[in-house]
Amino acid sequence: MNNIVERIKVNFSESIQTKINSADSIINIIAEASEEMVQALLEGHKILSCGNGGSACEALHFSSQMLNRFKQERPGLPAIALNTDMPTITSIANDYHFSDIFAKQIRALGHAGDILLVISTSGNSTNIVNAIKAAHDKNMVVIALTGYDGGKIADYLREEDIEVRVPANDTARIQETHLLIIHCLCDIIDFRLFGQGETNL
């Protein structure tokens, strides 16, 4: 039992330390990403999001908080998680290739001025890279939440895109920090658009 408790403590400690390290290195980048999202929403655009596995869940989490609410009552905001439509995803994977499941949706749903939020711990998923290419073809800005060394994603981002790279090499710790970043984005969007979510600072 003591070994189990110690392992749990290590998980907590590592998660906390990863967030501390991130706070020291990427806070300004998160602020830049949130302002990009705010401006797009003010101009009547939407945010598409996607990821694989745990990152898919975080893409869903982001869109649900945009469409419904984050902390306080406010109008819904236009966001679509590209992981949600199983018939579409499976038909694209079956008829074309799994690497196209997000790109084909972006070509159908994306418009110039929209934002694509991609979430990937490794940065090496082909379907995410193809999503970025499709977003660029539609003149969309890409905001990428990554980890490790950024992977292939880093090579495909343009100057106007934003990469928020968690300074960690453990998938679980990166995903936990991605969730915090998503909550920061939601908080700033609410604060800037509706003056909600004020703190006592």
Q72 passes all but one of the listed conditions (1) open to solvent by 60 Å² or more (accessible area, probe 1.4 Å); (2) under 17 Å from the mean Cα position of the chain (by Cα); the exception is number (2)
With the first residue restricted to the range 18-42 and required to be within 20 Å of V142 (Cβ to Cβ) and in contact (Cβ under 8 Å) with a residue 40 or more places away in the chain, and the second required to be open to solvent by 80 Å² or more (accessible area, probe 1.4 Å) and part of a helix (DSSP H, G or I), Cβ contacts under 8 Å at 6 or more apart or on different chains are S34/R192; E35/R192; V38/R192
Of the residues in the range 75-100, those that are of a type in the set (A, V, I, L, M) and under 17 Å from the mean Cα position of the chain (by Cα) come to L77, A79, I80, A81, L82
Can you say whether I188 is hydrophobic (A, V, I, L, M, F, W, C) and open to solvent by less than 40 Å² (accessible area, probe 1.4 Å), as far as the supplied structure shows? no
S120 being within 30 Å of S25 (Cα to Cα) and under 11 Å from the mean Cα position of the chain (by Cα): yes
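The values are calculated or read from the model by the stated rules, or taken from the named source; none is laboratory data. Quick caveat, the model's predicted, so the values are computed rather than measured. In this analysis, Cβ positions are derived from the backbone assuming ideal geometry, glycine residues included, and neighbour counts consider all displayed protein chains. Heavy atoms of the whole protein, side chains included, go into the accessibility calculation; ligands, DNA and RNA do not. Shrake-Rupley method; radii C 1.70, N 1.55, O 1.52, S 1.80 Å.
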